[in-house]
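I have placed the structure first, in the form of structure tokens, so that the comments after it can refer back to it.
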Amino acid sequence: MSFKLARALYDWVLGLAEKPYASQALCGLSFAESSFFPIPPDVLLMPLCLGARKKAIWFATLCTVSSVIGGIAGYAIGYWLWWKAGGSEFSTLAQFFFTYVPGFSQEVFYEIQGLYNQYSFWIVFTAGFTPLPYKLITISSGAFGIAFLPFVVASLVGRAGRFYLVALLLYFFGPSMKVLIDKYFNLLASLFVALLIGGFLVLGFLK
């Protein structure tokens, strides 16, 4: 995807915050981003939270639920539609994603399979919480037959953690926090996940 097209999509999503159907748009965006749309729902979530700070938690809830449902749809795409009969060759739909959907490639797809073998829950959670392409994880989870219930739990925890964090920061600190989130969210999210996983590893070692 070209920078110009990505910027146009970003501006279009941002403009939805001024529409009377902004909440519905947030649900639709959160759902679509979990399987194919390139712009994350935070772009719309942040101005909505700033425009109605008392509704920040409600917006985060809409975002979380819609995103997890979208993730389940992505899982279904991977499970039912990703392979040709026999399960060894990519389907026409998969080839379409590799060609036109940002973040998808056959090389990355198989790299994720290796990560699943070691960190199945954590890779889903990390993609749900951080700016990693969540759609790539949801579809590949279905394609590689990752256990469905752990997938949903990891998605719910990761997505809720991300969206509620953004909403709460904006609720308590207002517009000044938006600048910091825009600039440092990727770094802070990655650091949070690293600390969380590190904490579990330490607990496991102490046991």
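Nothing in this text is a laboratory measurement; each read-out follows from the coordinates by a stated rule. This structure is a prediction, so every number in the text was calculated from the model and none was measured. Positions of Cβ are generated from backbone atoms using ideal geometry, with glycine treated the same way; all protein chains shown enter the neighbour counts.
Computed values, structure above
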quantity	calculated
Contour excess over end-to-end distance, with Cα ends at Lys4 and Gln95 and 0.36 nm allotted per residue	30.4 nm
Two-decimal log10 I(q)/I(0) for segment 44-113, as the Debye equation yields it once each C-alpha is a single scatterer, q = 0.12, 0.13, 0.16, 0.26 Å⁻¹	-0.50, -0.56, -0.70, -1.13
Answer label for volume of the Cα convex hull per residue in Å³ (calculated), chosen among (1) 117; (2) 131; (3) 149	(2)
Which of Arg159, Arg53 has the fewest Cβ neighbours within 10 Å, and the rest in rising order	Arg53, Arg159
Sorted by Cβ density within 10 Å, fewest first, the residues Asp11, Asp42	Asp11, Asp42
Footprinting exposure proxy for Ser140, Ser23, Ser67 (fewest neighbouring C-beta atoms within 10 Å first)	Ser23, Ser140, Ser67
Sum of -39500 (n - 2.57) over DSSP H runs of 4+, divided by residues of the chain (222 nm, nearest 500)	-25500 deg cm²/dmol
For segment 78-129, alpha-carbon Rg relative to the globular expectation (2.2 N^0.38 Å, N residues)	1.23
Relative contact order, percent, segment 3-206 [alpha-carbon distance under 8 Å, six or more residues apart]	25 percent
